[in-house]
Amino acid sequence: MTTTERKTLFGGFMPWLGGRPTTKPAALDVAVAERPKGESEAMNEHIVKSYEEELALLDRKIAQMGGLAEHILGQSFDALERRDPQLAEQVVKADKQIDQLERDIEEQVISMIARRQPLADDLRHVMAALRITGDLERIGDLAKNIAKRALAIAHESHPKPLMTGLRHMGELALAQLKDVLDAYAARNADRALAVWREDENIDSMYNSLFRELLTYMMEDPRNIGLSTHLLFGAKNIERVGDHTTNIAETIHFLVKGFNISDDRPKGDDTSSTLFSRG
């Protein structure tokens, strides 16, 4: 999703996402309006506490989902580098847990919006959780795709220079995912912005690896099968960086209340690259 599309999505919520912060649901006043003062205050306090517990539960689920995505992404890189089909199979199976967490979070967000009618900061909170969940689910899918590539080439000999480039690219993507999850937990917009700016480094690595793999294929047609799988694996890693950048943008909006105004830095020029022999 482009920056413009994300701005359009959040734009529909802007009248409610801005303005004064709120720590209680909008429907609360109706629920307690006709009760005696003491009873109304006790009910108010109980509902607000319950609401805050729901928001905290939402953050714990995001942390659990993010930790699992980070774990299987690292495993998928290890499976590819070590040619370990058993580890790759574990990653494929573990992705189902991420899918289930996504469904759980979606259900909780829908329920909270329907029952609590959140405004301002609270609405940004639940909407950000929903968006981050979607990106984490896609990162889980990409980890699964890398693991499937590892299965396909488990018995092939891997050129060491190419695997070194893939490992460095994977390590950077994994580090950025960890940083952006920490930024969400700390509500640190500056840290999220730093991750956003670093995505260009992954793109640059992908450009370099793309050219190396194409050259390797042109040198010997017998390398085409292996190189194609490695090329798709590298593209999956590059896409992990894109989803991490999405999360960084969501965190910035959650904390600041407005979108990043600059165009997203992009360094991937492979779509316009043409190679020929000679």
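Scanning region 114-125 for residues that are basic (Lys, Arg) and exposed (fewer than 15 other Cβ atoms within 10 Å of the Cβ) gives a single hit, 115. Among the residues of region 229-263, how many are open to solvent by 10 Å² or more (accessible area, probe 1.4 Å) and hydrophobic (A, V, I, L, M, F, W, C)? Counting residues in region 229-263 that are open to solvent by 10 Å² or more (accessible area, probe 1.4 Å) and hydrophobic (A, V, I, L, M, F, W, C) gives 6. Within region 233-254, residues that are free of Cβ contacts under 8 Å to residues at least 24 places away in the same chain have Cβ atoms under 8 Å from residues that are open to solvent by 10 Å² or more (accessible area, probe 1.4 Å) and in a helix (DSSP H, G or I) in no pair, counting only partners at least 6 apart in sequence or on another chain. For residue 198, the conditions (1) farther than 24 Å from residue 63 by Cβ; (2) modelled with pLDDT under 95 are fulfilled apart from (1).
Counting just the residues of region 177-204 that are acidic (Asp, Glu) and closer than 14 Å to residue 247 by Cα, which one comes out surrounded by the most Cβ atoms within 10 Å (Cβ to Cβ)?
199
Condition test on residue 211, is it modelled with pLDDT under 95, open to solvent by 40 Å² or more (accessible area, probe 1.4 Å) and in contact with a Phe, Trp or Tyr (Cβ under 9 Å, 6 or more places away or on another chain)? Judged against the criteria, residue 211 is a match.
Of the set (1) of a type outside the set (Phe, Trp, Tyr); (2) in a helix (DSSP H, G or I); (3) out of contact with any Leu (no Cβ under 7 Å at 6 or more places or on another chain); (4) open to solvent by 20 Å² or more (accessible area, probe 1.4 Å), all apply to residue 174 but (3). When you look at residue 156, is it open to solvent by 60 Å² or more (accessible area, probe 1.4 Å), in a helix (DSSP H, G or I) and touching a Leu at 6+ places or on another chain (Cβ under 9 Å), yes or no? When the stated conditions are applied, residue 156 does not pass them.
Across region 80-113, the number of residues qualifying as open to solvent by less than 50 Å² (accessible area, probe 1.4 Å), of a type outside the set (Val, Ile, Thr) and touching a Lys or Arg at 6+ places or on another chain (Cβ under 9 Å) comes to 6.
The values are calculated or read from the model by the stated rules, or taken from the named source; none is laboratory data. Treat the numbers as computed from the prediction; the structure is a model and nothing was measured. For neighbour counting, all protein chains shown are included, and Cβ atoms are generated from backbone atoms with ideal geometry for every residue, glycine included. Note: areas computed on protein heavy atoms with side chains; ligands, DNA, RNA excluded. Shrake-Rupley method; radii C 1.70, N 1.55, O 1.52, S 1.80 Å.
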